[in-house]
Structure formats: C-alpha cells, structure tokens
Amino acid sequence: MKYEVTKFKDLTIALKEIEPFVRDGKHLLTGKPFQRFGNMRSREVLGNWLMCAVINAHSGKNTHTFTSDPQGSDGIILNTETGDTWSTEHVMVGEAYKLKEKKLSIEDRIVFAFDKKLNKGGKAYASGKQLIILLNANGGSWHPRKAAKKLPTNLSFADVWVVGLLAYEDNNYVYSVSQLGTSSRDAPTWKVCIESDFCSWSVLTIQ
C-alpha cells in the first residue's frame, strides 16, 4: 500500500523553509507541530535535515532527504537513489531535564532522555528506527564518546544521534552531529555550519 507523504525536493529548499524557525530558537523548543508536514515539530525537521546533511557529506552524494511519515514516526530519512528509508524518533534534552535532574552530567542527561524514549514505546516500537536527540545544553561541554559508552549494549533503536547548537558565529549557525550507536562506540562527530543566507552549508568531520 502506498501512502501520501510530504517530501522536500532537496536539502537547499528544506533549509530555506525552516530558516525562520531556526532563527527563532524558542520555536525549536516549544513550537507547535506542522500539520502540513505530518505533525513534525520544527526541531524534528531540523534534526532530520542535519542528519541528511551529514550523510550526504560523508558519502559525497546528494542522495538523502526526508519526508513526513503517515504512520506516525517523526519523519523518514529517504535515499532517493536506492529508495531505502529510515524512520526516525526524536527526543529533547532541554530545560525540563535540567530542572528535574540537576546533578546529572550532560552525558547522563542524554542517557536519561534515551531511556525515557525507549520506555515510552518499548523495544518493538524502537526496532529499526533512528533516535535523534536534540541537545539544548546552553553552552555546556560534553564528550560524545563518554555518552556513547553509557548507552546499553543493545540499543533497541537502529542507531542514536545527538544534534545540538555549538555556536552562533558571524550570523552563521554551527551545529554538532554525533553518532553514538556505532558498535565500537567511537562516536563519530561532525560540525555543520549553516551560512547566514541559509542557502548553503558546510560539513566538517571533528572526530
């Protein structure tokens, strides 16, 4: 059975579409879902965009974009060349966690968010999905490899990613993207710099 989905033709179009919501940081934290985009929130759209930007840069091909999911996930990563898809789920590490878990390190807060999302739906719900964690650390430092090693051996999710704002420099938005679920737990990490005109970006491997 085929389902109707909303899909961005490419990441450049998608970036211009989400520009006002990235500039309005409050919308990323508390903005209402977009009905026309499968009830995805702006932070979920941004997380999926960042993941696609990293995958495309790593492969050297502009083959990945993302779509809405009529079956209820927080968006689908699509390889337009092969037709392969990855469903995503999102969770945020933000002020709520900070208030409730003041003594936790950022790494432990990431694990706390992971556990909360997994416990919400269970292993069957998580199976095969990419979990994207939006980190609102307010400038706090953390170590992706430490966070990766704190995750359970059996993730239930297909993989776990953490995305967060690193800096706002010269009107450019600089984000980090870390992949925590690799078997070696070496947490490959990239820096994604969105240019001030929101028409271009660059991706740099950090580790």
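The values are calculated or read from the model by the stated rules, or taken from the named source; none is laboratory data. Since the structure is predicted, the reported quantities are computational estimates derived from the model, not experimental observations. Cβ: placed from backbone, ideal geometry, glycine included. Neighbour counts: every protein chain shown. Surface accessibility is based on the protein's heavy atoms, side chains included, excluding ligands, DNA and RNA. Shrake-Rupley method; radii C 1.70, N 1.55, O 1.52, S 1.80 Å.
For region 59-83, which positions are under 20 Å from Thr12 (Cβ atoms), within 16 Å of the chain's Cα centre (by Cα) and of a type outside the set (Phe, Trp, Tyr)? Walk me through it before giving the result.
Start the filter on region 59-83 by keeping residues that are under 20 Å from Thr12 (Cβ atoms), which leaves 59-68, 75-81.
Filter once more, keeping what is within 16 Å of the chain's Cα centre (by Cα): 64-68, 75-78.
The answer is His64, Thr65, Thr67, Ser68, Gly75, Ile76, Ile77, Leu78.
Scan region 18-42 for residues that are among the charged types (D, E, K, R) and in contact (Cβ under 8 Å) with a residue 12 or more places away in the chain and the total you get is 3. Within region 145-161, the set of residues being open to solvent by 20 Å² or more (accessible area, probe 1.4 Å) and outside any loop (DSSP other than H, G, I, E, B) comprises Arg145, Lys146, Lys149, Lys150.
Just to verify a result, which residue in region 180-204, among those that are free of Cβ contacts under 8 Å to residues at least 24 places away in the same chain and under 23 Å from Glu107 (Cα atoms), is nearest to the chain's Cα centre (by Cα)? Once the filter is applied, the top-ranked residue is Pro188.
If you check Asn39, Asn62 for being open to solvent by 50 Å² or more (accessible area, probe 1.4 Å) and touching a helix residue (DSSP H, G or I) at 6+ places or on another chain (Cβ under 7 Å), only one passes: Asn62.
Of the residues Asp74, Asp69, which is open to solvent by less than 60 Å² (accessible area, probe 1.4 Å), touching an Asp or Glu at 6+ places or on another chain (Cβ under 6 Å) and under 19 Å from Ala158 (Cβ atoms)? Before you say what the answer is, go through the steps one by one.
Values: Asp69 fails: touching an Asp or Glu at 6+ places or on another chain (Cβ under 6 Å).
On inspection, the qualifying residue turns out to be Asp74.
Among the listed residues Lys103, Lys116, Lys120, identify the single one that is within 22 Å of Glu44 (Cβ to Cβ), modelled with pLDDT under 90 and open to solvent by 40 Å² or more (accessible area, probe 1.4 Å). Outline the logic, then answer.
Details: Lys103 fails: within 22 Å of Glu44 (Cβ to Cβ); Lys116 fails: modelled with pLDDT under 90.
Going through Lys103, Lys116, Lys120 in turn, the sole match is Lys120.
Being under 24 Å from Val174 (Cα atoms), at pLDDT below 95 and either out of contact with any Pro (no Cβ under 8 Å at 6 or more places or on another chain) or part of a helix (DSSP H, G or I) (or both) is a property that Lys61 has.
Name every residue in region 100-132 that is within 17 Å of the chain's Cα centre (by Cα), hydrophobic (A, V, I, L, M, F, W, C) and under 22 Å from Asp84 (Cα atoms), in order of residue number. Walk me through how you get there before you give the answer.
Of the residues in region 100-132, the ones within 17 Å of the chain's Cα centre (by Cα) are 106-107, 109-118, 126, 128-132.
Now narrow it down to the ones that are hydrophobic (A, V, I, L, M, F, W, C): 106, 110-114, 118, 126, 131-132.
Listed by number, the residues that qualify are Ala126, Leu131, Ile132.
Could you go through region 169-178 and let me know if any residue there is over 22 Å from Val22 (Cβ atoms) and either at pLDDT below 95 or open to solvent by less than 20 Å² (accessible area, probe 1.4 Å) (or both). No, region 169-178 contains no residue that is over 22 Å from Val22 (Cβ atoms) and either at pLDDT below 95 or open to solvent by less than 20 Å² (accessible area, probe 1.4 Å) (or both).
Suppose we filter region 150-168 for residues that are polar (S, T, N, Q) and at pLDDT 95 or above; how many remain?
The number of residues fulfilling the criteria is 1.
With respect to His90, is the statement that it is open to solvent by 70 Å² or more (accessible area, probe 1.4 Å) and either more than 23 Å from Val111 (Cα to Cα) or in a strand (DSSP E or B) (or both) true?
Numbers: open to solvent by 70 Å² or more (accessible area, probe 1.4 Å): no; either more than 23 Å from Val111 (Cα to Cα) or in a strand (DSSP E or B) (or both): yes.
It is false that His90 is open to solvent by 70 Å² or more (accessible area, probe 1.4 Å) and either more than 23 Å from Val111 (Cα to Cα) or in a strand (DSSP E or B) (or both).
One residue is enough: does region 179-188 have a residue meeting the conditions closer than 24 Å to Trp86 by Cβ, open to solvent by 30 Å² or more (accessible area, probe 1.4 Å) and not in a loop (DSSP other than H, G, I, E, B)? Within region 179-188 (the criterion being closer than 24 Å to Trp86 by Cβ, open to solvent by 30 Å² or more (accessible area, probe 1.4 Å) and not in a loop (DSSP other than H, G, I, E, B)), the answer is yes, since at least one residue qualifies.
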